[in-house]
Amino acid sequence: MFKVLITPRSFEKIKDKFEEVFKEEGIEVMLNPFGRVLTEEEMRELIRDVDGLIVGIDPVTSKVLKNANKLKVISKYGVGVDNIDILEAKKRNIVVTNTPGANSNAVAELTVGLIINVLRKINLSDKKTREGRWDRFIGNELSEKTLGVIGTGSIGRRVIELLKGFNLRVLCFDKYPDYEWASKEKVFYVTLDELLRSSDVVSIHVPLTEETYHMISEKELRMMKKNAVLINTSRGGIVDEDALYRFLKEGRISGAGLDVFEKEPPQNSPLLQLDNVVVTSHIGAHTEEAVANMAKLAVENLLLALKGREPLSRVC
């Protein structure tokens, strides 16, 4: 009999689909008792005597793992593992997995929605119309523009695919460029500096690591066109929010679409006061389809690792 803690709140809605599987495998399931992202102290308490963990964005720090004496596997319900202390997990021989590709389309579709929303000022028009005003805002078209994609993993590539009909010139930056793919798709790998200077829309699709933390700061924002927009559906910590606020408020870049913030929820963030910023509440992967895909792969990874077999998508 294994005991498993499942923290993602969206899993509760589809838990019945896995009830029989868990029963057959002799797994006792403990769901998130608070209905929100857990704190470090709550994780420390709940993880005692747990063999497996399916986790969303709750903190799995060194302090948490030191309280997890029986833990064998951490199955990330999503792709980014920045909330998991990978080094500590390795030290304790805990298998860590994730669900690459499971939410790629969902995040990519939201990215496209944010791009068009920011360019056409849909959020501002909606707000003013509801206030009884009939202001006809002048926006910008996406067609024939230059798109800069930072990170060409599954999400970045899906964004490019979805936007093909707009006849864009596509520039890409990635630490590990895939020139064969780029040639096939007629996109171009360039330096980050060139991408920022040349793009009308800059869209971020890299994981949060020590290397990517604040990779878009004042220096990088200064390179962008005055009429350019920045889209971030990756992780909030990749962008220096203080610098972004200054550039947006001063009109040094045109707008931004943000699904993520460095601190979530973003209490008292000045970015929320700007009309040229469209914000959503980290909903990139929150579609019925993506939730089902992530849950299926997360459970499969969990079961394989608990049995001592190789999971489908291992991080370490």
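The values are calculated or read from the model by the stated rules, or taken from the named source; none is laboratory data. All figures in this text were calculated on a predicted structure; none of them were measured in a lab. Cβ coordinates were reconstructed from backbone atoms using ideal geometry, including for glycine residues, and neighbour counts include every protein chain displayed.
One table, with the values for the structure above:
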quantity: Test for I94: is it out of contact with any Ser or Thr (no Cβ under 9 Å at 6 or more places or on another chain), at negative phi and surrounded by 20 or more Cβ atoms within 10 Å (Cβ to Cβ); calculated: yes
quantity: Pick from the stretch 247-273, criterion of a type in the set (S, T, N, Q) and over 20 Å from the mean Cα position of the chain (by Cα), ranking: surrounded by the fewest Cβ atoms within 10 Å (Cβ to Cβ); calculated: N268
quantity: Residues (closer than 21 Å to T233 by Cβ and polar (S, T, N, Q)) located in the stretch 274-309; calculated: N276, T280, S281, T287, N293
quantity: Selection count where residues are in a loop (DSSP other than H, G, I, E, B) and in contact with a Leu (Cβ under 9 Å, 6 or more places away or on another chain), scope the stretch 66-75; calculated: 3
quantity: Single match in E109, E88 (criterion: in contact (Cβ under 8 Å) with a residue 24 or more places away in the chain, under 22 Å from L258 (Cβ atoms) and either basic (K, R) or in a helix (DSSP H, G or I) (or both)); calculated: E109
quantity: Leading residue by the ranking (surrounded by the fewest Cβ atoms within 10 Å (Cβ to Cβ)) among those in the stretch 160-199 that are in contact with a Gly (Cβ under 8 Å, 6 or more places away or on another chain) and part of a loop (DSSP other than H, G, I, E, B); calculated: D174
quantity: Residue within the stretch 112-126 that is free of Cβ contacts under 8 Å to residues at least 12 places away in the same chain and outside any helix (DSSP H, G or I) present; calculated: no
quantity: Pairs, first surrounded by 18 or more Cβ atoms within 10 Å (Cβ to Cβ) and in a helix (DSSP H, G or I) in the stretch 202-231, second modelled with pLDDT of 95 or more and among the aromatic types (F, W, Y), C-beta under 7 Å, six or more apart; calculated: L221/F247
quantity: Subset of the stretch 300-316 that is in contact (Cβ under 8 Å) with a residue 60 or more places away in the chain and of a type in the set (A, V, I, L, M) - its residue that is farthest from M1 (Cα to Cα); calculated: V315
